[in-house]
Amino acid sequence: MAIIVDQNTRVMVQGITGKQGSFHTRQMLAYGTKVVAGVAPGKGGSKFEDIPVYDTVRAVLQEHQVDASVIFIPAAFAKDAVLEALEAGIGTVVVITEHIPVQDEMEFIAYAQRKKAVLIGPNTFGIVSSGKCKIGIPPNQFFMPGPVGMVSRSGTLTYEIAGNLIAAGFGQSTAVGMGGDRIVGLTFIDVLKLFEADPETKAVVLIGEIGGNAEEEASVYIKEMTKPVVAYIAGKSAPPEKRMGHAGAIIRRGKGTYEGKVKALAEAGALVAEMPSEVPEMIRKLLA
Amino acid sequence: MAIIVDQNTRVMVQGITGKQGSFHTRQMLAYGTKVVAGVAPGKGGSKFEDIPVYDTVRAVLQEHQVDASVIFIPAAFAKDAVLEALEAGIGTVVVITEHIPVQDEMEFIAYAQRKKAVLIGPNTFGIVSSGKCKIGIPPNQFFMPGPVGMVSRSGTLTYEIAGNLIAAGFGQSTAVGMGGDRIVGLTFIDVLKLFEADPETKAVVLIGEIGGNAEEEASVYIKEMTKPVVAYIAGKSAPPEKRMGHAGAIIRRGKGTYEGKVKALAEAGALVAEMPSEVPEMIRKLLA
Amino acid sequence: MRIFEYMGKELFSRFGLRVPKGRVVTTAYEAAWVATEIGSVAIKAQVLSGKRGKGGGIKFADTSAEAKKAARELLGMKIEGHTVEKLLIEEKLHIDREFYLSVTIDGGAKKPVIIASSQGGMDIEEVPENKIVKVHLDVELGIHPFIARNIVRRLGLDVGSRQGKELLNIILAAYKIFQEKDAILVEINPLVFCGEKIIAADAKVIIDSEALFRQKDIPYIEEQTEAEKLAQDLGISYVELEGDIAVMANGAGITMSTLDIIQRYGGAPADFMDVGGGTDMEATAKALEILLAKDPKVIFINIFGGITRCDDVAGAFAKVKKEHGIPVPVVIRLVGTNQEEGRRILREQGIEAYTNMDEAAAKAVELAALVPAGSL
Amino acid sequence: MRIFEYMGKELFSRFGLRVPKGRVVTTAYEAAWVATEIGSVAIKAQVLSGKRGKGGGIKFADTSAEAKKAARELLGMKIEGHTVEKLLIEEKLHIDREFYLSVTIDGGAKKPVIIASSQGGMDIEEVPENKIVKVHLDVELGIHPFIARNIVRRLGLDVGSRQGKELLNIILAAYKIFQEKDAILVEINPLVFCGEKIIAADAKVIIDSEALFRQKDIPYIEEQTEAEKLAQDLGISYVELEGDIAVMANGAGITMSTLDIIQRYGGAPADFMDVGGGTDMEATAKALEILLAKDPKVIFINIFGGITRCDDVAGAFAKVKKEHGIPVPVVIRLVGTNQEEGRRILREQGIEAYTNMDEAAAKAVELAALVPAGSL
């Protein structure tokens, strides 16, 4: 088991011939992901690494069954690509693209909700169900099967902690990147619910950061969970009103502070690590 | 029993203080309809015939429970009023207003579908569940309880045939006006399904007219129905490409003809009357 | 409301579509002058008829003299009852391929639909189904490039090619016109592939007449007869037909039905007149005058009073009779609100109203048959 | 990207909102001249600070001489680090009531939200919750008059009154600006009721910097330091902070985390620098130079290589060291893609890279503490 994607997930890559798309398609193939088709308008009929390329999503669906699509399309055109996947009925859409205008994001996230699709991102590293399927850009070497579910707002911090977990002997069931933007599709609470129901997942690592209130909202659900949660929040030292890289990582008008998030999580029963390196030990104790 | 509305339906009137709205509210009250509130922006706090008037739909819903709303708002502002009712969660919205731009109609019909609301009209006489509830503009005297369900694209033709039916001793369970515009919310097929499931309805009278393909689509379902259907289609003598009053009543490029509709209905097993006056006799035979 | 081809093309230009170089003229002299400027031209009668091509409304000219001659022939010509008053003089296009593109409303689906074909230049009804691409739009989602890209692909063009991209933009623009200008039809037929360019060689645009109040930049195009205009000013729905029995009824359905019954009994209705619900005595009287002005053999009034009050209708009849006289037989069917008072008023005018519409219609047909042809 | 008040007001005007009569000036002389024309005026420093009022950036003048004096005081003044270069001279409003109105994005709800209050003129955070009206918008449905009407009613105004209708239109316009101009905040505080009129007395507008490519009419407003600009041109996310340990890491989360750990060990980070994934050697070298230019006590590089290759980072370090010299201690943590090669390169430069980020951070803090204050 795993959540959202697994060894049977058939993946389509939108923007497969671009610089990012082609590099990461090769990486996904190397990880074992079932990439069945690519989309690149104007390149329909060609092949990329033996994967057939089509002009449109609808053209793909005439020939293939597709469970998930991953978007490597430049920001200015990303909305069109995401809507195209959703309109065609793709159930899971992973939006890697960063720098998408937020009005576009609100538009396609609302449409995804109407179509009852899972939208991961934008500005996410993607999702990995260890040993089964990787959709997105994380380095292949840090994700191995195991009992820990990971959900995160940050890519490299996820790799860092995943690497530490692997070193300590704990693999991951699935790691989900929520994305670093002001608004994102799938949120902590959605993912926590899936982990709670997933038999393979025994504990969850939640990696948050300052800004927004996703961690506070997640805390309400963590209270009800039977599975233990270890949380780490980045940005304790960040000054207010300064955007720390991610569009969403900013303390505005006193909202979205480190302290508020840690308090909510701790009160909900999560163990909160002060440094990434403390996470594996906490997991060890919880799973002992 | 009856369909869509009955003696328990609590009705709100949007545009209750206007010329049409006030006249027909009095008529609805005289019929016994439970009119619980009215909306008229700027007149909130006043009363009309003892019915409290509010500025907005949301203000109504703070004080009342409402099952259905009827729109007597001028065409240019009708879309706003319909969306207001739908957004507030009203389950049945009856749009009496005529001359609404079709782009507006497409917009609120799409929204009604998303909100899973029943939208009757626009440009409809409304709906009557005889002896229980009248929402709209039909004269009160032609609707008495009985076994015949009526669904129609035309108001006066419905009254004409309802009058004939009453004279012949047949009352109506419910009479539904679909509306005379190019596009309408509730259609024949939706209403036929409800009549098929309604124990009080023993036979259905379908009153169509030239233009569009609602009758042809209905025919597909009529084939499956257990209850008999008598149909009458107006416009046999109408020349092509001329709009006969209703925006929807026009034969365009050879489509929407009288002959096509009659053929589809007859093949589906409906009895097709050549003149309105033939309907009661057909019903009598079917219910004998 | 249909608008003229040249207006449609102005609209197209404003939304970024290519149209042929051209000019509207009202005289043969101007036509010659424009032809001098452009060279080989097409001269197109500006009439609101679908049959313009077949009706001889398009001519070609290679010289200024030819253009003048062609313009003379076209100006003043009648096509399906429409008099040609304006001509559009356009560059003659080199045609590589002709496509078809339209955006309209599918009433059954309750949605806009884009219809396209690689076989343009003829009526879309004559194109085989498998050569037509139809795409319904989700109203809340709206138009997006991917939707147009799918159409381009299904038309057999390379979506990465220059023409593919140009067609994509044309589809987006046509939809934008449809939506922003409250159109119920935007049709480009043919859409001409001319070397590297794609040009809208014709423009058929119908604007929703219910939305004219918010389309201030679209001029009102008169397609109605004088009588139809008069009726419209009264808020009455009126269409002139070819027969001799004038009809007035209330409600679109019952009016159509009245015409049907007249025809069934062998009569020929002179019009469709729906006075609707709630038309007052004054307006009803004026409507009657409109009918009388057409010198029918018989007038047939069929009122099933709901909001419309029978006494108002009868009163209107009495008023017109008193003021102008009514020189033709009148058959009236009158039931519904205030019917007793209405019947009393008519009785004073020497008319016994019917209650059954079939009988009344039969009587009207019978009376019309008694009047010899050409006797009026 | 915040825009100046006067630009926000120009935008407001274009969308039909009322703003005070006024003019932007850059000299005290102009200020005096505008005051002569307008009469009693407010003189408002144009700076991108939320604390302008409290920071003394707004003055009033009843005469031209007073205006000149006030302008002299304001021009060149510093408010929260921003130098005042422009002044907005506006008519002094007669204030009956002050409302608050904003449109922004609720990240949790993933929707736009309209926030309004009848208690304007102060920070919205200071207004009691029960005096604030918040309405979330359904993105696919969009804005409609009924939504604004509900807000007007909940603010306690009569929706049928002139002011009610004016406020309704202001709400619709503010939302339109938000949507069409790719804003993430449109805030009017206070919205002044002035006799019969409602006037936007202030304008705080933040445009989504990711959408500037399609908002051609909005000028780019520089809010960054020179170094931040240089970094941005490299595609690197960089924020200057107050400390003395220069930080470079890859990924926003890990960079924040690096700063946190430095602080935890008692150090003070000099910056947030996220070189992201896939930055090449050239850009990494330039990024290093940006850090060096700030004369930090220590440089701490924390690379968890994924797409970023460790050998590239090490190579960049070697390059800068060779070309410019690196006069301060450098602590590097290096793991991930090509880490062996990276470590080898660093070893050639006399640096033993760490694998553990805590240890590396502790070392960096320790080294920084060894450098006496003011020694650089």
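The values are calculated or read from the model by the stated rules, or taken from the named source; none is laboratory data. Everything quoted here is computed from the prediction, not taken from an experiment. Note that we place each Cβ from the backbone using ideal geometry, even for glycine, and neighbour counts take in every protein chain shown.
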For residues that are assigned to a helix (DSSP H, G or I) and either of a type in the set (Val, Ile, Thr) or surrounded by fewer than 17 Cβ atoms within 10 Å (Cβ to Cβ) (or both), tally how many sit in segment B:236-271.
5
May I ask you to list the residues in segment B:22-37 that are more than 17 Å from the chain's Cα centre (by Cα) and modelled with pLDDT of 95 or more?
B:22, B:26, B:29, B:30, B:32, B:34, B:35, B:36, B:37
Among the residues of segment A:4-16, is any more than 14 Å from every other protein chain (Cβ to nearest Cβ), buried (at least 21 other Cβ atoms within 10 Å of the Cβ), touching a strand residue (DSSP E or B) at 6+ places or on another chain (Cβ under 6 Å) and of a type outside the set (A, V, I, L, M)?
yes
Residue under question is residue B:142, and the condition is that it be buried (at least 24 other Cβ atoms within 10 Å of the Cβ) and under 24 Å from residue C:253 (Cα atoms); does it hold?
yes
Residue satisfying all of: in segment C:351-366; over 22 Å from residue B:278 (Cβ atoms) and surrounded by 19 or more Cβ atoms within 10 Å (Cβ to Cβ); nearest to the other protein chains (Cβ to nearest Cβ) among these:
C:353
Report yes if residue C:207 is more than 16 Å from the chain's Cα centre (by Cα), over 30 Å from residue C:308 (Cα atoms) and buried (at least 23 other Cβ atoms within 10 Å of the Cβ), otherwise no.
no
Would a scan of segment C:88-108 turn up a residue that is surrounded by fewer than 20 Cβ atoms within 10 Å (Cβ to Cβ), within 14 Å of chain A (Cβ to nearest Cβ), part of a strand (DSSP E or B) and touching a strand residue (DSSP E or B) at 6+ places or on another chain (Cβ under 6 Å)?
no
In segment B:131-147, anything under 24 Å from residue B:38 (Cβ atoms) and part of a loop (DSSP other than H, G, I, E, B) is listed as B:131, B:132, B:137, B:138, B:139, B:143
Scanning for something closer than 26 Å to residue C:53 by Cβ and either at pLDDT below 95 or not in a helix (DSSP H, G or I) (or both), does segment C:133-143 turn up at least one residue?
yes
Single residue of D:231, D:246, D:200, D:252 found to be crowded, with 18+ Cβ neighbours inside 10 Å, at pLDDT below 90 and of a type outside the set (Lys, Arg)
D:231
Could you say whether any residue in segment D:208-222 is of a type outside the set (Ser, Thr, Tyr), facing another protein chain (nearest Cβ under 10 Å) and touching a Ser or Thr at 6+ places or on another chain (Cβ under 6 Å)?
no
Do you know which of the residues in segment B:46-90 that are of a type in the set (Asp, Glu) and touching a helix residue (DSSP H, G or I) at 6+ places or on another chain (Cβ under 7 Å) is farthest from the other protein chains (Cβ to nearest Cβ)?
B:49
If you take just the strands (runs of 3 or more DSSP E) that sit entirely in segment A:1-114, which of them hold at least 2 residues that are without any contact (Cβ under 8 Å) to a residue 24 or more places away in the chain?
A:51-54
Filtered residues of segment D:282-325 (kept if of a type outside the set (Gly, Ala, Ser), part of a loop (DSSP other than H, G, I, E, B) and buried (at least 19 other Cβ atoms within 10 Å of the Cβ))
D:296, D:297, D:307, D:308, D:309
Can you work out which of the residues in segment C:151-207 that are basic (Lys, Arg) and out of contact with any Asp or Glu (no Cβ under 6 Å at 6 or more places or on another chain) is nearest to residue C:18 (Cα to Cα)?
C:197
What are the pairs, 6+ residues apart or on separate chains, where a residue within segment C:254-277 that is not assigned by TED's automatic domain parsing to the domain that holds residue C:303 has its Cβ under 6 Å from a residue that is modelled with pLDDT under 95?
none
Out of segment A:183-196, which residues are touching a residue at least 40 places away in the same chain (Cβ under 8 Å) and either away from chain D (no Cβ under 14 Å) or buried (at least 24 other Cβ atoms within 10 Å of the Cβ) (or both)?
A:184, A:185, A:186, A:191, A:192, A:194, A:195
Flag if residue C:152 is in a loop (DSSP other than H, G, I, E, B), buried (at least 19 other Cβ atoms within 10 Å of the Cβ) and within 14 Å of chain A (Cβ to nearest Cβ)
no
Collect the residues in segment C:112-129 that are in contact with a Leu (Cβ under 8 Å, 6 or more places away or on another chain) and crowded, with 17+ Cβ neighbours inside 10 Å, keeping them in residue-number order.
C:112, C:114, C:115, C:116, C:117, C:118, C:120
In this structure, is residue C:277 assigned to a loop (DSSP other than H, G, I, E, B) and over 22 Å from residue B:248 (Cβ atoms)?
no
Do we have residue A:93 as under 12 Å from the mean Cα position of the chain (by Cα), of a type in the set (A, V, I, L, M, F, W, C) and away from chain D (no Cβ under 12 Å) here?
yes
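Residues checked against (1) under 22 Å from residue A:167 (Cα atoms); (2) within 20 Å of the chain's Cα centre (by Cα):
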site: A:217; (1), (2): no, yes
site: A:225; (1), (2): no, no
site: A:257; (1), (2): no, no
site: A:264; (1), (2): no, no
site: A:277; (1), (2): yes, no
site: A:284; (1), (2): yes, no
Only one of these conditions is not met by residue D:233: (1) within 18 Å of the chain's Cα centre (by Cα); (2) touching a residue at least 60 places away in the same chain (Cβ under 8 Å). Which number is it?
(2)
Note on residue A:274: of the conditions (1) exposed (fewer than 15 other Cβ atoms within 10 Å of the Cβ); (2) at the interface with chain D (Cβ under 8 Å from one of its Cβ atoms); (3) farther than 23 Å from residue D:361 by Cα, unmet is (3)
Tally, over segment B:141-157, of residues that are under 10 Å from the mean Cα position of the chain (by Cα), within 8 Å of another protein chain (Cβ to nearest Cβ) and free of Cβ contacts under 8 Å to residues at least 60 places away in the same chain
2
Kindly evaluate residue D:61 against the criterion of being outside the structural domain of residue D:153 (by TED's automatic domain parsing), over 29 Å from the mean Cα position of the chain (by Cα), closer than 16 Å to residue D:24 by Cα and crowded, with 19+ Cβ neighbours inside 10 Å.
yes
Just a yes or no: is a residue in segment D:258-273 touching a His at 6+ places or on another chain (Cβ under 8 Å), buried (at least 20 other Cβ atoms within 10 Å of the Cβ) and either part of a strand (DSSP E or B) or not aromatic (Phe, Trp, Tyr) (or both)?
no
